[in-house]
Every structure is written in structure tokens, then in C-alpha cells.
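A quick write-up on the structure given underneath.
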Amino acid sequence: MSVPGLPTSRPSASMFAVLACLCLSPAIATSAHAQHQGDIGVTVVDDRLEVVGPLGGEATDGVFLGVFGDTGFPGFTSNPGFDAAPGTLPAGRIGFRAVAGLRRWDGDLAVWLDPPQVGERLRVSFISLATVVDDTAVDGFDLAVQPDGGWHRHVNFELLDDADGWREPGVYRLDLTLYSTMGLADSEPFTIAFDFDADPAEVEAALASLAPGSPCPADFDGDGTVGGADFGRLLAAFGTADAAADLDGDGVVGGGDVGLLLASWGACPQ
């Protein structure tokens, strides 16, 4: 959807290189450690990576917020970063995977649009490394653990134009999991919601939809009823790590999720 008057220019590649250096300077340093408020905390529990936080705020059960433009450039942010305290990790590398394509919140329908309905893409980069999240799950890249066992990294997130050269204002959703090269189990999926010039009420509604304990998590289309459209949505994600359709939270959409959907068939609780 085109939005006349919406600026679409982005910083040059050289400017992004400068930004990357600025963002990475605290990440590279190993003589001191300072947690950044709002970052995604990374720790290890029972030989498994786990994300916590946001740091410096109230825990949000795997949902984090980024704001495009917080660095002064529309459609760009290096926040939130990732932050493991010194001594947390063994030597090796930590990386990410996008477990689903890029989604956008539809405030009128009160539902997250499926990735093929979203024309924009998200570029995730770190110096010369880059991954573009479009319509499907995609592997990202991994970065070295610091010599002190910490892992403080700020990657760059850039919202790319759709086919018409526009970026729709709204809230975008990136579902991720972290992996390691050291034999640690992958983290549970978590979500970064990015505010791109969205109305504050829209941001609040989008974040509320991601809160755990929804009385009707299988109502994917938000029509108040678990029915055929929701079943089709789940089947389309079957066998993937789509966090939105993973109703039982085991990391993959499978038979257990089908059973939960069928058990909740019909009108949602009020």
C-alpha cells in the first residue's frame, strides 16, 4: 500500500558503515561491561540459550520493542541489542535464525498479516554480514563470543521498501531464535516488534496481542472464532518453527498444535 508523502530515502552504505562502527564499539570492548537498557539479555540455563528482559525493564516474556528512526534515520535502528554478561558463555559463536517471514500488524483487523501479505522486507546486518527476512524462515549469521565470555552485540535492522518504493507505517514483527556453535540448545522463539511511525495505540494493541495467556491463541485471524481459516493457517505452517502457530511452544508446528486448535474449535471465550 502506498503512502503519499512518506519519506523513503535511506542512509548511504558509507553512513551505515559509520553507524555500525559506532554501535559496535561497546560490543567489541572486553575490559568493561555495561548493560544497555532495553537490550535482549542472553544467558544459559541447563545447557540451553535463553533470552530474558528487556534489560533494565519489566520482563515481557520473550517480546521486545525496537523503534525505527531512533538513530535519526527513517526505517533504521540498531536496537535492541543482545547482551550476555562476562562469564556467561564458553568460547564460540552465537547466531540467529528468523523462524518466520516479516509480519505487520493490521490495526483494523486486529491481526498480524501473514508474510506474503507484507511487501516490505527487513535487512539484518553486521559490518559485511547481512540477511534479508522476506516471506519465509531464513538462517541469519553468527558472531564470536567475546574473550571474557560475554556477548554484547548490536546488529543493524533496516526496513526495506515494498515493490512500489514505499514503507507502510505500522508495527512490524520479527520472530527469532538464537543458536550456538558450542553445543548449547537453541533458545525458545522470541519476538522483536518494530515501531515504524505507528500510532501509539496501534503499538500498544500489537504488543498486547503478543502477551502470553491469550484466551484464544488459535484464533489466528482474530475474528473471535477458531474455525477453518485458522486451521488452514496452521496447516500452512506445519513442520516449521513458526512461533505464531506453535501453540504448544515446543519449537515446531506439529500434531500437538493441531490437537490444541481442534480442542478450542468454535467461539472464543469472552
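Between residue 93 and residue 268, the contour length at 0.36 nm per residue exceeds the alpha carbon distance by 58.7 nm.
Mean sequence separation of contacting Cα pairs (under 8 Å, at least six apart), scaled by the length of the chain, corresponds to a relative contact order of 20 percent.
Going by alpha carbons, how many degrees (0 to 90, nearest 10) lie between the helix axis of 13-28 and the longest principal axis of the chain? Tilt of helix 13-28: around 80 degrees.
Geometric descriptor of the stretch 13-211, per residue, is 116 Å³ (volume of the convex hull of the Cα atoms).
At full extension, residue 205 and residue 43 could sit 55.4 nm farther apart than now, given 0.36 nm per residue minus the alpha carbon distance. Computed from phi, the 3J(HN,Hα) profile of the stretch 64-71 under the Karplus parametrisation 6.51, -1.76, 1.60 (θ = phi - 60°) reads 10, 10, x, 10, 5, x, 5, 9 Hz, with x in place of Gly and Pro. Derived value for the stretch 178-266: Kirkwood hydrodynamic radius 14.6 Å. Basis is the mean of 1/r over every pair of different alpha-carbon atoms.
Spatially, the stretch 79-115 and the stretch 125-190 are offset by 6 Å when compared through their Cα centroids.
Every number here is computed from the coordinates shown, using simple stated rules; none is lab data. No experiment lies behind these values; they were computed from the predicted model shown.
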